[in-house]
1. Is it fair to say residue 368 is under 18 Å from the mean Cα position of the chain (by Cα), open to solvent by less than 60 Å² (accessible area, probe 1.4 Å) and over 26 Å from residue 428 (Cβ atoms)?
2. Just to be sure, is residue 214 under 26 Å from residue 186 (Cβ atoms) and either modelled with pLDDT of 95 or more or part of a loop (DSSP other than H, G, I, E, B) (or both)?
3. State whether the residues of the stretch 115-126 include one that is at negative phi, part of a strand (DSSP E or B), at pLDDT 95 or above and open to solvent by less than 20 Å² (accessible area, probe 1.4 Å).
4. Please determine whether any residue of the stretch 335-345 is modelled with pLDDT of 95 or more, touching a helix residue (DSSP H, G or I) at 6+ places or on another chain (Cβ under 9 Å) and in a loop (DSSP other than H, G, I, E, B).
5. What number of residues within the stretch 79-114 are farther than 24 Å from residue 45 by Cα and either among the charged types (D, E, K, R) or open to solvent by less than 40 Å² (accessible area, probe 1.4 Å) (or both)?
6. Restricting attention to the stretch 137-173, which residues are open to solvent by 40 Å² or more (accessible area, probe 1.4 Å), over 26 Å from residue 370 (Cα atoms) and free of Cβ contacts under 8 Å to residues at least 60 places away in the same chain?
7. Could you list, in sequence order, the residues of the stretch 515-531 that are at pLDDT 95 or above and assigned to a helix (DSSP H, G or I)?
8. Residue 488 fails exactly one of the following numbered conditions: (1) in contact with an Asp or Glu (Cβ under 7 Å, 6 or more places away or on another chain); (2) in a strand (DSSP E or B). What is the number of that condition?
Amino acid sequence: MKRYDMIIVGAGPAGLSAAVEAAKHGMCVAVFDENAKPGGQLFKQIHKFFGSKEHQAKVRGFRIGEALLKQANELGVEVLLNAVVTGIYADKEVIVRHNDTVRHVKGDTILVATGASENMIAFPGWTLPGVMGAGAAQTMINLHGVLPGKRVLMVGSGNVGLVVSYQLMQCGCELVGIVDVAKKIGGYGVHAAKIARCGVPFYMGHTIVRAEGTDHVTGVVIGEVDEAYQCISGTEKQLDVDTVCIAVGLSPMSQLLDMAGCQMQTVSAKGGTVPVCNADGETSVEGLYVAGDVSGIEEASSAMIEGRIAAISAARKLGYLGEAPASEEISKLQASLEALRQGMFAPGNRGKIIEQTEEGIRISNSLLTKGYLEEQEIERFPGFHTQKGIHPVIECTQNIPCNPCQDVCPRHCIMVGDNITALPVVDENSACSGCGLCVASCSGQAIFLVNDSYDQTHASVTIPYEFLPLPAVGTIGVALDRSGNPVCEAEVLSVKANPAFDKTNLLTMKVPKEMSQKARFFAVKSSEQKG
């Protein structure tokens with residue numbers, strides 16, 4: 001029976017990060033994953049991460065996955081795919097079914113990083129082909145290049161629902177709307193805003209009544225809900241869709257830990273039943289660790305840090321790392337993890353009604369219910385700025401742990417400060433060069449460059465643009481406002497791509513001067529508009 005210093009169950013962000021960290025300290029590491037490809041959710045995540053430089057902010061998820069796999073291979077980590085761990089038994093014996101064989105292995109320490117599974121909701125027609133989890137749709141488009149459908153309704157306005165909705169539009173699907181029984185959008189406002197300015201409606205306080213069709217989805221009926229979340233008669237609305245994506249939360253996949261005899265607890269704020277563990281991720285079973293969503297639903301950035309903490313703790317336990325250096329490194333990582341757990345969306349704030357930012361600014365109710373800021377609201381936030389010549393306008397209005405805009409600006413025009421959740425501030429004394437690095441680096445696509453002095457009658461507005469095909473210079477189209485409504489004619493002045501932008505193109509359009517603070521997206525004219 002082969003023995004390892006550390007056996008890791010799950011080759012996602014937490015598992016791979018732990019494997020790399022453990023191998024760096026000389027540990028013999030094996031990773032078992034039931035999937036055909038490693039990386040877990042990372043290779044589906046084509047969006048840029050939030051956080052700071054140490055959290056790999058503004059780096060796309062799949063690039064992080066590529067880097068972790070490369071490191072694991074170089075360090076000699078054994079990664080076995082199509083390997084289902086069916087049980088963890090006494091003395092840390094692990095049973096693995098690999099293809100048609102069963103292996104018995106032992107680990108001096110074990111890390112369970114099995115992640116989470118998608119929640120589903122039942123409604124008439126929910127078993128029809130065309131109804132699927134948002135994660136399944138994300139797998140289809142980003143891993144296999146297959147469209148789940150043409151006209152899609154998303155159920156759920158948390159970050160998963162918002163991120164996948166945007167990615168569905170990027171690959172050519174028409175997003176008919178986002179439905180949620182909650183009265184307010186659950187995910188980051190910047191995620192909602194980039195969807196709203198494409199003209200997608202949010203149906204908050206609504207539920208899906210039924211999916212229609214015989215052998216596949218041909219439409220849905222939604223309706224407004226009362227305080228008991230029951231559909232109010234007479235509010236039903238029919239939508240023409242062929243796909244319904246469900247994004248109503250995740251549940252930790254903690255069954256292995258229960259089987260292994262870990263003390264378990266059900267915590268709604270963590271997504272369900274999770275193991276009791278200490279700050280290092282060690283459970284009530286000595287030497288058995290957890291990291292990532294299996295210990296509580298959070299972002300991938302948090303999962304990667306948790307994986308590293310568990311690996312360092314295991315290295316200390318087995319004598320590969322001294323007490324002092326291990327404790328110092330764990331303290332640094334825990335501080336980094338704590339930084340990600342601050343702000344409006346901190347785990348401790350789940351379920352709370354937040355009415356003001358940390359700076360005491362009233363939060364936009366329109367953003368929370370419609371997905372966009374009203375024009376008159378943006379002026380009360382510190383990212384709004386007007387001056388002669390080109391300058392950034394930052395429409396980041398919630399306390400999210402993220403600061404790459406501060407780091408990339410070569411002239412220090414943008415300030416976040418030491419508090420990573422603080423709202424970005426534009427420094428009036430620093431002259432913007434118009435390089436566009438802030439626009440490209442913003443993970444929420446919430447920064448725009450405005451030049452009200454383009455000429456006597458026109459302004460230029462530079463926006464982040466991640467759709468194909470790219471419009472050619474000189475294309476006459478339509479500028480859309482924050483709500484997705486057309487406000488004026490717009491001409492494409494330039495479309496810039498740069499390796500430093502990492503696939504976020506900078507589209508600069510010319511609009512009438514009075515539209516510079518309204519125009520936030522560019523759309524090619526439809527055949528009706530051209531006529």
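1. Numbers: under 18 Å from the mean Cα position of the chain (by Cα): yes; open to solvent by less than 60 Å² (accessible area, probe 1.4 Å): yes; over 26 Å from residue 428 (Cβ atoms): yes.
Yes.
2. no
3. As a first pass, look at the stretch 115-126 and keep what is at negative phi: 116-124, 126.
When the remaining residues are screened for being part of a strand (DSSP E or B), the result is 116-118.
In the following step, the residues that additionally are at pLDDT 95 or above were identified as 116-118.
Subsequent filtering for residues that are open to solvent by less than 20 Å² (accessible area, probe 1.4 Å) retains none.
The answer is no; no qualifying residue exists.
4. No - not one qualifying residue is present in the stretch 335-345.
5. Going through the stretch 79-114 one residue at a time, the tally reaches 18.
6. Passing the criteria: 140, 144, 145, 146, 147.
7. The one that is at pLDDT 95 or above and assigned to a helix (DSSP H, G or I): 515.
8. Checking residue 488 against (1) in contact with an Asp or Glu (Cβ under 7 Å, 6 or more places away or on another chain); (2) in a strand (DSSP E or B), the one that fails is (1).
The values are calculated or read from the model by the stated rules, or taken from the named source; none is laboratory data. For clarity, every value in this text was computed on a predicted model and none was experimentally measured. Note: ideal-geometry Cβ built from the backbone for every residue, glycine included; neighbour counts use all protein chains shown. Please note that ligands, DNA and RNA were not included when accessible areas were found on the heavy atoms of the full protein model with its side chains. Shrake-Rupley method; radii C 1.70, N 1.55, O 1.52, S 1.80 Å.
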